[in-house]
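Enquirer: For reference, the structure I am asking about is given below.
Here, each number is a calculation from the coordinates, and none is a lab measurement. None of these values were measured; they are calculated from a predicted model. Here the Cβ positions follow ideal geometry from the backbone for every residue, glycine too, while neighbour counts run over all protein chains shown.
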Number of protein chains: 2
Amino acid sequence: MNANQAIPALGALAQEHRLATYRLLVQAGPDGLAAGTIATRLAIPASSLSFHLAQLAEAGLVSQRRAGRSVIYAADFAAMNALLGFLTENCCAGEDCTAAAPLCQAGAD
Amino acid sequence: MNANQAIPALGALAQEHRLATYRLLVQAGPDGLAAGTIATRLAIPASSLSFHLAQLAEAGLVSQRRAGRSVIYAADFAAMNALLGFLTENCCAGEDCTAAAPLCQAGAD
DNA sequence: CGTTCATTTCGATATTTATCGAAATGATTG
DNA sequence: CAATCATTTCGATAAATATCGAAATGAACG
């Protein structure tokens, strides 16, 4: 993970509908959800959702696969973990700051 | 942490100079860095940096304090951890998905 | 193999965001 | 208390992003 990958990923998540979509997919797990299901649950037009799903996919945060007539989207957990690791990289210059930031050391090394 | 807090935080990080600034501060640790030092290191105009620092602060990702003539900015590690936790909340509906996503379970519960 | 249906693309518009020099601010220091 | 200096605000401009209906796409099903 580098800044050129992290910026689109963060930007993809920094929007109401995309964040809601992503969290829905995180909670859905590897099975994912059909685009239409997401549109219905979030009550947003299909064309708007398609725009947002494309950005999440472009950022590498979600994968897509076809199932029957539907396109199923699923969160890419490896990408999420890479992003979280990137944000905490070299935390406190490698010093111990576990007390102040429990997850801080997770991304170090 | 909720979406209304997470969106500005993610948006704050989704920009080249702000992400670079934030990572600099994560690595600097609790001591933080003066605004001028950051501007010099990143080679961006003071007014531009001020604009970006204001957004990071508004999003709650950094704190500011005065030291002599300088204003010192420091990463807020608690805010970072809250954000990371929010992104992994209710991962896989609580099922075990540790193998696919090491950090996934960290934010559950 | 024509129909159906979920999804995506298009297009036009409105909104938000980034940039940076110049000027203002305001706390500090001698 | 005047001068200095780091930082922020202002203002004007450019660029990127969000919205959503209508039309197009194209895979699937009978």
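Enquirer: Treating the point 7 Å from Cα along Cα-beta-carbon as the label, what are the nm separations from residue A:64 to the other copies, to one decimal?
Expert: 4.1
Enquirer: Which of these, A:60, A:11, A:94, has the largest mean-square fluctuation under a Gaussian network model of chain A (Cα springs below 10 Å)?
Expert: Checking each option, the largest mean-square fluctuation is seen for A:94.
Enquirer: From Cα coordinates alone, what are the radius of gyration and Dmax values for the protein assembly as shown in angstrom?
Expert: Considering the protein assembly as shown through its Cα atoms, Rg and Dmax are 18.0, 66 Å.
Enquirer: Moving on to the next point. If the label for residue A:31 sits 7 angstrom from Cα along the Cα-to-Cβ line, what are its distances to the same label in every other copy, in nm to one decimal, shortest first?
Expert: 5.2
Enquirer: Would you mind checking which residues have amide H under 5 Å from residue B:34's amide H? H placed 1.01 Å from N; only 5 or more apart, or other chain.
Expert: For residue B:34, the qualifying residues are B:73.
Enquirer: From the phi angles alone, apply the Karplus equation (6.51, -1.76, 1.60; θ = phi - 60°) to the stretch B:33-48 and give each ³J(HN,Hα) in whole Hz, x where the residue is Gly or Pro.
Expert: 9, 6, 3, x, 4, 5, 4, 5, 4, 8, 6, 10, x, 4, 5, 5
Enquirer: Another question, then. In nm, one decimal, shortest first: how far is the label point of residue A:48 (7 Å from Cα along Cα to beta carbon) from the matching points in the other copies?
Expert: So the distances to the same position in the other copies read 3.4 nm.
Enquirer: Step through the residues of the stretch B:52-61 one at a time and calculate ³J(HN,Hα) from phi using the Karplus curve (6.51 cos²θ - 1.76 cosθ + 1.60, θ = phi - 60°), rounding each to whole Hz and writing x for Gly and Pro.
Expert: Taking θ as phi minus 60°, the curve returns 6, 4, 4, 6, 5, 5, 4, 6, x, 7 Hz for the stretch B:52-61.
Enquirer: A further question on this structure: Can you give me the pair-distance distribution of the stretch A:3-107, C-alpha pairs, 10 Å bins, whole percents?
Expert: Bin by bin from 0 Å, the calculated values are 15, 42, 26, 13, 5, 0.
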